[in-house]
Amino acid sequence: MIPMTETKENVIPRPLEETNLLETDRIMRLAFGTFLVLPDPSGFMGDAGHVRTRWLADHAAAFAAELDGELVESNFIFNWGSVGFFGPLSVRPDM
């Protein structure tokens, strides 16, 4: 685990890549499951493929953040007609 004493200067934002989708899904489930205080945070949303479906949709952008070479954050941005949509923004709970 990366210590929480790291500073924001160590975080590297970059485009999310398809090879990051499994880890992005894991982080999203842990983040939301932890926030909702689920007994097993990694079970959030069951077998729903929320991250992969966002990736396959016509997204405007997909972002990631790395800390010491490890993925710690992701976010998607969509433009659906006249509506902009941001999310899900997921940050590893230990961050």
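Somewhere in region 74-84, is a residue over 12 Å from LEU16 (Cα atoms), at pLDDT below 90 and of a type in the set (Phe, Trp, Tyr)? Yes, region 74-84 contains a residue that is over 12 Å from LEU16 (Cα atoms), at pLDDT below 90 and of a type in the set (Phe, Trp, Tyr).
Check whether at least one residue in region 25-43 is loosely packed, with under 14 Cβ neighbours inside 10 Å, part of a loop (DSSP other than H, G, I, E, B), in contact with a strand residue (DSSP E or B) (Cβ under 8 Å, 6 or more places away or on another chain) and of a type outside the set (Gly, Ala, Ser), and report yes or no. No, the conditions are met nowhere in region 25-43. Among the criteria (1) part of a loop (DSSP other than H, G, I, E, B); (2) surrounded by fewer than 13 Cβ atoms within 10 Å (Cβ to Cβ); (3) under 14 Å from the mean Cα position of the chain (by Cα), the one ALA48 does not fulfil is (3). For VAL72, the test of being β-branched (Val, Ile, Thr) and in a loop (DSSP other than H, G, I, E, B) is failed.
Working only within region 51-69, note down all residues that are part of a strand (DSSP E or B) and in contact with a Ser or Thr (Cβ under 6 Å, 6 or more places away or on another chain). If the condition is that a residue be part of a strand (DSSP E or B) and in contact with a Ser or Thr (Cβ under 6 Å, 6 or more places away or on another chain), then ALA64 is the only one that fits.
The values are calculated or read from the model by the stated rules, or taken from the named source; none is laboratory data. Predicted, not measured: the structure shown is a model, and the values here were computed from it. Reconstructed Cβ throughout: ideal geometry from the backbone, glycine too, with neighbour counts over all protein chains shown.
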